[in-house]
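So the structure is just underneath, and the comments pick up after that.
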Amino acid sequence: MLTHDGTIVIVGGSIAGVTAAEELRSAGHLGPIVMIDEQPHQPYARPPLSKAVLTGVDSVESVALSPLQDSALTHMSDQRVVDVSIEGSAVILASGDRIRFDGLVIASGARPITMADLGRNPDGVPEKVLRTVDDARAIRDALATASSVIVIGGGILGMELASAAVEAGARTVVVSNEPPMRRQCGPFVSALVQRRAEARGVEFLIHPDGARLVTNGSTPGVDTGGSTITAELIVTAVGDSPNVDWLITSGLADRRGVQVDSRCRVTPTIVAAGDITTHGPSRRRHPHWSAAIDQGRTAARALVLGDAASGLHARPYFWTDQFGLALKMSGDMPFDGSSTVIEGSLDEFSALVQFSSDDGPVGALSLNRRVPMSRLHRIAAPSRTTSEEVRT
Ligand SMILES: Cc1cc2nc3c(=O)[nH]c(=O)nc-3n(C[C@H](O)[C@H](O)[C@H](O)COP(=O)(O)OP(=O)(O)OC[C@H]3O[C@@H](n4cnc5c(N)ncnc54)[C@H](O)[C@@H]3O)c2cc1C
């Protein structure tokens, strides 16, 4: 817990950092806030980048978050933090400058894992990834001319990329080591998405041992264990890893992320929120938009109010738009249990589905329906009160 007029440094100016900045003020912090981000942009939202921005429905500029109306907040963009000194209570920038803090919010998120990172791109085949507005601009421009696209990875982001590629008119192949979105969402959603994607023309190559990027002459390709397929554009979406480089020396993080307690604290004056965090004994990550907001709020309140702050109260919520399917999910994903359509029809791609285990309902899915989030939460877990703590 801090005095209310100390300086709080936030590393990461995306949704977790911006939410924390707003919540610090609501919780009574009066002192300076310094938000540092290596992006040369104002804070922006990432979810539209793989959806309306990629398909050209929305402009890149439309993703900007509302500017913070806070005269005591300094936003330092285009500045990379390279280290933190716990004894000196300061973060160190790539320029060598030190910024002193009384409280620190770690919100540096995550970055894409590439095939090169995995040792599966020995020839240095060009592979695009999607995390930033500049990535989105580059992929959108490439899709305007590419007649063939390979997406490596059939997770949620990979499938959104495949949706944009097929909509742009490209022959689109998804190469994945498991059926689409199976690990994140479970077999029901996976089968639904695969059926719809195939109907729109996407081909799937399920290769459990993992693919390798290769060159076939000058054409980039993917070796799927014996045969090679080629495409003009290869986009990799095989997962992300937390941005922990600047935290390793201080011991505030390991390669898995920053482990936080139920109030998102690392120490009484250092908190963390968003994609960089791990929770509970299993060190689970929740790399979703609504989780970053919930954690940003919790972390900020813990910094200002200490033990008087409440713990993380959140209900897992996630959405995706792809192949004309607007999917919203609440509950403990992946949904492996039985499913019941409680409204609408799957054949018409408009339905409300409840998932249950032997112990009762565990999740809910809204498919192309306007359902308030609160109702989806109630269907997912009718017996839970709103104050129940999220399972981590
Ligand atoms: C394309 C895309 C689509 C997505 N779609 C969805 C969706 O539909 N639904 C959903 O729930 N979630 C979605 N997500 C996930 C969601 O956007 C993230 O969970 C959320 O952005 C996490 O916020 P964050 O603030 O923790 O981290 P990030 O958004 O990753 O922000 C971290 C910030 O820290 C900065 N930073 C990192 N290291 C340093 C450093 N050393 N020094 C200074 N600054 C640093 C980075 O530049 C970055 O701006 C999507 C993500 C992506 C990339």
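One residue alone among ALA168, ALA110, ALA138 is among the aliphatic types (A, V, I, L, M), touching a residue at least 12 places away in the same chain (Cβ under 8 Å) and over 16 Å from ASP240 (Cα atoms), and that residue is ALA168.
Each row is one residue, and each column tells you yes or no for (1) within 15 Å of the ligand (Cβ to nearest atom); (2) within 17 Å of the chain's Cα centre (by Cα); (3) closer than 19 Å to SER190 by Cβ; (4) part of a strand (DSSP E or B).
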| residue | (1), (2), (3), (4) |
| --- | --- |
| VAL125 | no, no, no, no |
| LEU130 | yes, yes, no, no |
| GLU160 | yes, yes, yes, no |
| SER163 | yes, no, yes, no |
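ASP240 meets each of the listed conditions (1) surrounded by 22 or more Cβ atoms within 10 Å (Cβ to Cβ); (2) touching a residue at least 60 places away in the same chain (Cβ under 8 Å) apart from (1). Looking at the range 265-281, is at least one residue over 18 Å from ILE33 (Cβ atoms), in a helix (DSSP H, G or I) and within 16 Å of the ligand (Cβ to nearest atom)? Checked the range 265-281: at least one residue is over 18 Å from ILE33 (Cβ atoms), in a helix (DSSP H, G or I) and within 16 Å of the ligand (Cβ to nearest atom). Number of residues in the range 1-46 that are on the phi > 0 side of the Ramachandran plot and within 12 Å of the ligand (Cβ to nearest atom): the value is 1.
When ARG183, ARG195 are screened for being farther than 16 Å from LEU367 by Cβ and either in a helix (DSSP H, G or I) or β-branched (Val, Ile, Thr) (or both), only ARG183 passes. Could you tell me which of the residues GLY28, GLY6 is in a loop (DSSP other than H, G, I, E, B) and surrounded by fewer than 16 Cβ atoms within 10 Å (Cβ to Cβ)? The conditions single out GLY28. Scanning the range 33-86 for residues that are of a type in the set (Gly, Ala, Ser) and either within 22 Å of the chain's Cα centre (by Cα) or farther than 29 Å from ASP102 by Cα (or both) gives ALA45, SER50, ALA52, GLY56, SER59, SER62, ALA64, SER66, SER77. For the range 238-254, residues that are within 17 Å of the chain's Cα centre (by Cα) and part of a loop (DSSP other than H, G, I, E, B) total 4. Which of the residues spanning the range 216-237 are assigned to a loop (DSSP other than H, G, I, E, B) and buried (at least 24 other Cβ atoms within 10 Å of the Cβ)? Listed by number, the list holds a single entry, ALA237.
Among the charged types (D, E, K, R), at pLDDT 95 or above and within 16 Å of the ligand (Cβ to nearest atom): does that describe ASP261?
no
Kindly evaluate GLY119 against the criterion of being modelled with pLDDT of 95 or more, of a type outside the set (A, V, I, L, M, F, W, C) and farther than 22 Å from ASP275 by Cα. Taking the combined requirement at face value, the residue satisfies it. Within the range 102-138, the set of residues being buried (at least 16 other Cβ atoms within 10 Å of the Cβ) and under 21 Å from SER218 (Cβ atoms) comprises THR114, MET115, ARG120, ASN121, VAL125, GLU127, LYS128.
Residues in the range 284-312 that are more than 21 Å from ILE8 (Cα to Cα), in a helix (DSSP H, G or I) and touching a residue at least 60 places away in the same chain (Cβ under 8 Å): TRP289 alone. One residue stands out in the range 54-101 among those that are away from the ligand (no atom under 15 Å from the Cβ) and not in a loop (DSSP other than H, G, I, E, B): the one that is surrounded by the most Cβ atoms within 10 Å (Cβ to Cβ), namely LEU73.
ARG183 satisfies every condition listed in (1) over 30 Å from ASP347 (Cβ atoms); (2) within 18 Å of the chain's Cα centre (by Cα); (3) surrounded by fewer than 20 Cβ atoms within 10 Å (Cβ to Cβ) except (1).
The values are calculated or read from the model by the stated rules, or taken from the named source; none is laboratory data. These figures come from a predicted structure and were not determined experimentally. Because the Cβ atoms are built from the backbone with ideal geometry, glycine has one as well, and the counts that use them run over all protein chains shown.
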